[in-house]
């Protein structure tokens with residue numbers, strides 16, 4: 001099986017106060033859950049929100065839109081960039097059997 005996850009852009013340069021968008025898609029059949037994380041200064045990952053199928057649950061200051069199913073694209077938007085926004089952003093695909101299971 002060929003499981004692939006795509007995230008773009010590889011790097012992004014913006015000014016303070018602007019908004020930034022990044023995308024994640026995957027080809028993993030049956031996986032409908034995308035989680036977005038931020039990592040600053042090589043420290044722990046911070047969850048920015050997640051998307052189950054087409055339902056988004058972003059933290060304050062972020063928007064998540066799109067489709068977390070295979071073949072869809074989830075878009076993370078940082079609404080207002082600050083110096084603190086400079087970080088590495090990760091997306092993760094997981095499979096959840098029970099739809100009421102939510103990462104805490």
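Every number here is computed from the coordinates shown, using simple stated rules; none is lab data. Quick caveat, the model's predicted, so the values are computed rather than measured. Note: ideal-geometry Cβ built from the backbone for every residue, glycine included; neighbour counts use all protein chains shown.
Tabulated values for the structure
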item: Quotient of Cα Rg and 2.2 N^0.38 Å for the chain, N being how many residues it contains; result: 1.05
item: Mean Cα-pair separation over length for the stretch 10-104, i.e. relative contact order, pairs under 8 Å, 6 or more apart, %; result: 36
item: Distance (nanometres) between label positions extended 7 Å along Cα→Cβ at residue 53 and residue 4; result: 2.7
item: Contour excess over end-to-end distance, with Cα ends at residue 43 and residue 27 and 0.36 nm allotted per residue; result: 2.9 nm
item: Residues 34, 28 arranged by fewest to most Cβ contacts within 10 Å; result: 28, 34
